[in-house]
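Working notes, beginning with the structure itself.
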Amino acid sequence: EFQSAIHSKMLNFILNNEFDKSDSKNPQTNLLNQLSNMNQINLFKLSLEELEAYHEYLRAIKKYADSIT
């Protein structure tokens, strides 16, 4: 849910600012694509260390998303 909320926030930001979602030169659209790809990760297969790194990464992305929206 945490990751989905961040994805939704970034998607709304991109749509509201009329960015091209396929523009690979735009850092916000690249981040949105990363978040989309992260939906494919099976969290049950990750080690505790990997889960902690995943969570820290999401927290950093959320902080960034909060700062631009």
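The values are calculated or read from the model by the stated rules, or taken from the named source; none is laboratory data. For clarity, every value in this text was computed on a predicted model and none was experimentally measured. Positions of Cβ are backbone-derived with ideal geometry, glycine not excepted, and every protein chain shown enters the neighbour counts.
Number of residues in the range 23-38 that are among the hydrophobic types (A, V, I, L, M, F, W, C) and either over 21 Å from Phe2 (Cβ atoms) or exposed (fewer than 13 other Cβ atoms within 10 Å of the Cβ) (or both): the value is 0. Of the residues screened, Ile41 is not one that is modelled with pLDDT under 95, closer than 16 Å to His7 by Cα and surrounded by 13 or more Cβ atoms within 10 Å (Cβ to Cβ).
Count of the range 5-26 residues, restricted to those that are in contact (Cβ under 8 Å) with a residue 60 or more places away in the chain and of a type in the set (Gly, Ala, Ser), is 0. Here the range 2-22 is the region considered, the condition is being modelled with pLDDT of 90 or more and charged (D, E, K, R), and the residue that is surrounded by the most Cβ atoms within 10 Å (Cβ to Cβ) is Lys9. Out of everything in the range 1-46 that is of a type in the set (Phe, Trp, Tyr) and over 11 Å from Ala65 (Cα atoms), what residue ends up being farthest from the chain's Cα centre (by Cα)? For the range 1-46, the residue satisfying everything is Phe44.
Look at the range 27-43: where a residue is at negative phi and a partner is at pLDDT below 95 and polar (S, T, N, Q), sitting 6+ places away or on another chain with Cβ atoms under 7 Å, you get Asn30/Ser24; Leu35/Gln3; Met38/Gln3.
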